[in-house]
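Heads up: the structure comes next, in structure tokens.
The values are calculated or read from the model by the stated rules, or taken from the named source; none is laboratory data. Being a predicted model, the structure only gives us computed values, none of them experimental. Counting neighbours? That spans all protein chains shown, and the Cβs are built from the backbone with ideal geometry, glycine included.
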Ligand SMILES: [Zn+2]
Ligand SMILES: [Zn+2]
């Protein structure tokens, strides 16, 4: 794949759900995806503004903002990011892609981005399952999710380094894995550990089913709830890797996944050696 642009995923936050969000036991700042000059932020929850700047990933350089559903661990910093992306509201630019619940409100929740802010961007996209759009050279398709916000979606993103999938928040359902076949990396929101059934989210047992069905080249777990953090996400990742033979890592706050011919994981602690995955 030499000559193609590298792709980077910055895990600015790896926490999920109400209790991890409100305690900030893990951050809830979302994920930054970068390919060359194209920069997209996915699910900017509480802390996204602060930790983007902390990581040197200025929201002023964003070309796109994606909100997969109307829960605060995914949307709270969206309006501030829109102001940053539009040069402090002076330039009508950038893509905002979000669900109906986020943009217009639905089923008693939302909207969570004001009409004023929606009017600032150049391209406003209301995402449903199957909606496709592009940001720079990235091709993005919204995938089906089954979550308490009925308009929730996941994502499938085609990059110069292969497909990247993001389940966002969903329960397991028959056919979920069909959205995530032939991927280089699957970012799997795994809220709770093995043996802990959880409604409208995934636990490690369901993550295992999705991995066995979709067989990505590599998998990164994120969006951890309290029970997962108590059980140890690294332990759960090791279990999934042993069961499937697919490289699986548990993200930590500030981790960078650099995707080129191989995948290199860089810890925010400079003393930690990089981990290279041949995938
Ligand atoms: Zn969530
Ligand atoms: Zn949610």
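Could you please let me know if residue 244 is more than 17 Å from the chain's Cα centre (by Cα), more than 16 Å from ligand 2 (Cβ to nearest atom) and under 27 Å from residue 23 (Cα atoms)? It is false that residue 244 is more than 17 Å from the chain's Cα centre (by Cα), more than 16 Å from ligand 2 (Cβ to nearest atom) and under 27 Å from residue 23 (Cα atoms).
The residue list 83, 79 contains one member that is surrounded by 15 or more Cβ atoms within 10 Å (Cβ to Cβ) and in contact with a helix residue (DSSP H, G or I) (Cβ under 7 Å, 6 or more places away or on another chain), which is 79.
Of the candidates 91, 55, the single residue that is modelled with pLDDT of 95 or more, under 29 Å from residue 232 (Cα atoms), surrounded by fewer than 22 Cβ atoms within 10 Å (Cβ to Cβ) and away from ligand 1 (no atom under 12 Å from the Cβ) is 55. Specify which of the listed residues (172, 151) is under 21 Å from residue 123 (Cβ atoms) and at pLDDT 95 or above. Of the residues listed, the single one that is under 21 Å from residue 123 (Cβ atoms) and at pLDDT 95 or above is 151. Restricting attention to segment 57-70 and to residues that are in contact with a strand residue (DSSP E or B) (Cβ under 6 Å, 6 or more places away or on another chain) and more than 16 Å from ligand 2 (Cβ to nearest atom), the residue that is nearest to residue 30 (Cα to Cα) turns out to be 65.
Taking the listed residues 208, 188, 183, the one that is under 29 Å from residue 258 (Cβ atoms) and within 16 Å of ligand 1 (Cβ to nearest atom) is 188, with no other qualifying. I'd like to check something: does segment 40-52 contain any residue that is closer than 22 Å to residue 260 by Cα and in contact with a helix residue (DSSP H, G or I) (Cβ under 7 Å, 6 or more places away or on another chain)? Checked segment 40-52: at least one residue is closer than 22 Å to residue 260 by Cα and in contact with a helix residue (DSSP H, G or I) (Cβ under 7 Å, 6 or more places away or on another chain).
Can you name the residue in segment 63-74 that is crowded, with 24+ Cβ neighbours inside 10 Å and closer than 22 Å to residue 91 by Cα and is also farthest from ligand 1 (Cβ to nearest atom) among such residues? It comes out as 64.
Screening 170, 131 for residues that are under 16 Å from the mean Cα position of the chain (by Cα), over 20 Å from residue 32 (Cβ atoms) and free of Cβ contacts under 8 Å to residues at least 40 places away in the same chain leaves exactly one candidate, 170. Checking each residue of segment 45-56 against the condition of being within 14 Å of ligand 2 (Cβ to nearest atom) and more than 22 Å from residue 141 (Cβ to Cβ) gives at least one match. Is it true that some residue in segment 21-40 is surrounded by 21 or more Cβ atoms within 10 Å (Cβ to Cβ), closer than 24 Å to residue 104 by Cα and more than 16 Å from ligand 2 (Cβ to nearest atom)? Scanning segment 21-40 turns up at least one residue that is surrounded by 21 or more Cβ atoms within 10 Å (Cβ to Cβ), closer than 24 Å to residue 104 by Cα and more than 16 Å from ligand 2 (Cβ to nearest atom).
Applying the set (1) under 30 Å from residue 146 (Cα atoms); (2) in contact (Cβ under 8 Å) with a residue 40 or more places away in the chain to residue 39 leaves exactly one unmet item: (2). In this structure, is residue 141 modelled with pLDDT of 95 or more, touching a strand residue (DSSP E or B) at 6+ places or on another chain (Cβ under 7 Å) and in a loop (DSSP other than H, G, I, E, B)? Considered against the rule, which asks whether it is modelled with pLDDT of 95 or more, touching a strand residue (DSSP E or B) at 6+ places or on another chain (Cβ under 7 Å) and in a loop (DSSP other than H, G, I, E, B), residue 141 comes out as no. Among the residues that make up segment 94-107, is at least one of them at negative phi, touching a residue at least 12 places away in the same chain (Cβ under 8 Å), under 17 Å from the mean Cα position of the chain (by Cα) and not in a strand (DSSP E or B)? Scanning segment 94-107, I find at least one residue that is at negative phi, touching a residue at least 12 places away in the same chain (Cβ under 8 Å), under 17 Å from the mean Cα position of the chain (by Cα) and not in a strand (DSSP E or B), so the answer is yes. Which pairs do you get when a residue that is within 16 Å of ligand 2 (Cβ to nearest atom), found in segment 71-93, comes within reach of a residue that is assigned to a loop (DSSP other than H, G, I, E, B) and modelled with pLDDT under 95, reach meaning Cβ atoms under 8 angstrom, with the pair 6+ apart or on two chains? Listed by first residue and then by second, the contacts come to 73/17.
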